[in-house]
Amino acid sequence: MGEAATRWARLQAGRDIPPEIRAKAAADPWAFDPDAFRAPAVPVDTPSRAAGLALLGAGGTVLDVGCGGGDAAFALAERATHVTGVDARQEMLDLFAADAAARGVPHRAVLGAWPGSAAEAGRADVVVCHHVLHNVVDLPPFLTALTAAARRGVVVEMLRQHPMAWLDPLWERFHGLVRLPPATDEDAIAVLRELGIEPEVRRWERVPRPSADPVWVTRRLCLPADRTSEVAAALAGLHRPNDLTTITWTT
């Protein structure tokens, strides 16, 4: 790996929950409600949507990698002739497929982690991948497979730093765990450049999200439920970032 890819992998690996902390968790810290990932009925106009529509032009096929509920794909549905959703979780694909059917969008669902699922997913005119890169440690093969799958181009959306980095002060406060600095959008862009890709980059801010649920944060921190009030008090002084980056490249 190049220097940028090595740095990305090191910082991402540092996001793992240490086994000794995970072992004390009363509940799965990674549990989530699939409905929280349901795509809005009316797409939100964002730079990522604009980039995808520009690549589609008059129309074309879309491949959504790490599709979740299909937010990225359905934002392009007005010009998409077919959408394929890839996700490692069946419950996400069920949500994606049901919503696509309800919207009348021709679709296919592929179960599997990327890039291992790339061959089954096939190619599309436009590949979208929103809020997935920070779940990846070995980034070059992931990005290379995105590029190979796209006939026209790729649109990646991500937070400017790891989405859980804002909780780092709480890991130190409750567990004495000092995290490595989070990987950022600049780190991802540096890996792309090592691969010979010079992307177009657009930074922007989304509408602020509701305050984080103390119950969810308590579970994520592997703490027992009886410490929720302590977590709620600690959250009062933390800022939850809403700054995003859209990274686009043509193929």
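Taking every protein chain into account, the 1.4 Å probe leaves Thr84 with about 10 Å² of accessible area, to the nearest ten. FRET efficiency for the Ala50 to Leu177 pair, using the beta carbon distance and R₀ = 51 Å, is estimated at 0.80. Under the convention that each Lys and Arg Cβ holds +1 and each Asp and Glu Cβ holds -1, the size of the dipole of the chain around its Cα centre is about 100 debye. Working from Cα pairs under 8 Å separated by at least six residues, relative contact order for the chain is 23 percent.
With no solvent and one equal point scatterer placed on each C-alpha of region 27-162, evaluate the Debye formula and give log10 I(q)/I(0) for q = 0.15, 0.22 Å⁻¹, two decimals. Debye output, listed in q order: -0.65, -1.48. Note that region 113-251 shows a convex hull volume over its alpha carbon atoms of 128 Å³ per residue.
Rounded to the nearest Hz, the phi-derived 3J(HN,Hα) couplings of region 126-133 under the Karplus curve 6.51 cos²θ - 1.76 cosθ + 1.60 (θ = phi - 60°) are 10, 10, 10, 8, 10, 6, 10, 4, where x marks glycine and proline.
Ligands, DNA and RNA aside, His175 has an accessible area near 60 Å² when probed at 1.4 Å.
With the Kirkwood sum run over all distinct C-alpha pairs, the chain has a hydrodynamic radius of 19.0 Å.
The figure for Arg203 is an accessible area of roughly 100 square angstrom, using a 1.4 Å probe on the protein chains alone. Protein heavy-atom accessible surface, 1.4 Å probe, per residue over the chain: 47 Å². Restricting the calculation to Cα atoms, region 172-251 yields a radius of gyration followed by a Dmax of 17.6, 52 Å. Here the contact order of region 11-114, divided by its residue count and restricted to Cα pairs under 8 Å and six or more residues apart, works out to 23 percent. Note on the chain: dipole from Cβ charges, positive end direction compared against Pro18, Val62, Val217; the farthest Cα belongs to Val62.
The values are calculated or read from the model by the stated rules, or taken from the named source; none is laboratory data. Being a predicted model, the structure only gives us computed values, none of them experimental. Don't worry about glycine lacking a Cβ; one is built from the backbone with ideal geometry, like all the others, and counts go over all protein chains shown. Note: areas computed on protein heavy atoms with side chains; ligands, DNA, RNA excluded. Shrake-Rupley method; radii C 1.70, N 1.55, O 1.52, S 1.80 Å.
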